[in-house]
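The next block holds one structure in the form of structure tokens; read it before the comments.
The values are calculated or read from the model by the stated rules, or taken from the named source; none is laboratory data. Since we're looking at a predicted model, the values are computed, not measured. Cβ coordinates were reconstructed from backbone atoms using ideal geometry, including for glycine residues, and neighbour counts include every protein chain displayed. Ligands, DNA and RNA are excluded from the accessible area calculation, which covers all protein heavy atoms including side chains. Shrake-Rupley method; radii C 1.70, N 1.55, O 1.52, S 1.80 Å.
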Amino acid sequence: AYSPRATTGRSICVRLCDGYFFPLGTLASGADIPRHQEACEAACPQAEVALFTLAPGATDVARARGPDGVLY
């Protein structure tokens, strides 16, 4: 289960095999996380992915946090 540190902001899908990432959308609340996780997995069906979150107003992907709370 995903345990986000940020419950609002934006989500970013990261393909773990090569680090490729792309934005998914806006998170209105933590309740949006499962839907964004499903979209991330559907976008890269043959690869392991992780959903990262950016806090509201953040623009630098290096500030995105993964499911374990670690920065990208």
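Listed values, structure above:
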item: Within the accessible area of the chain (1.4 Å probe), percent carbon and sulfur; result: 53 percent
item: The chain pair-distance distribution - Cα-Cα, 5 Å bins, rounded %; result: 3, 19, 34, 27, 14, 3, 0
item: Per residue solvent-accessible surface (Å²) - the chain, probe of 1.4 Å; result: 59 Å²
item: Total charge dipole magnitude, the chain, about the Cα centre, Cβ charges on Lys, Arg, Asp, Glu only, Debye to nearest 20; result: 220 debye
item: Ellipticity estimate at 222 nm from DSSP helix runs (n ≥ 4, -39,500 (n - 2.57)) divided over the chain, nearest 500; result: -4500 deg cm²/dmol
item: For the range 19-34, Karplus couplings with θ = phi - 60° (6.51, -1.76, 1.60), whole Hz, Gly/Pro x; result: x, 4, 9, 8, x, 9, x, 8, 9, 7, 6, x, 5, 7, 4, x
item: Simple label model, 7 Å out from Cα along Cβ direction - C44 to A62, nm; result: 2.1 nm
item: Isolated Cys in the chain, by beta carbon distance under 4.7 Å; result: C17, C44
item: Hz values of 3J(HN,Hα) by residue in the range 50-58 - Karplus curve (6.51, -1.76, 1.60), Gly and Pro given as x; result: 9, 9, 10, 10, 10, 5, x, x, 6
item: Gain in span if fully extended, T8 to R35, counting 0.36 nm per residue against the direct Cα distance; result: 8.3 nm
item: Around R15: net Lys/Arg minus Asp/Glu count, Cβ-Cβ under 14 Å; result: -3
item: Sequence-separation-based contact order of the chain, relative, with Cα cut under 8 Å and 6+ spacing, percent; result: 36 percent
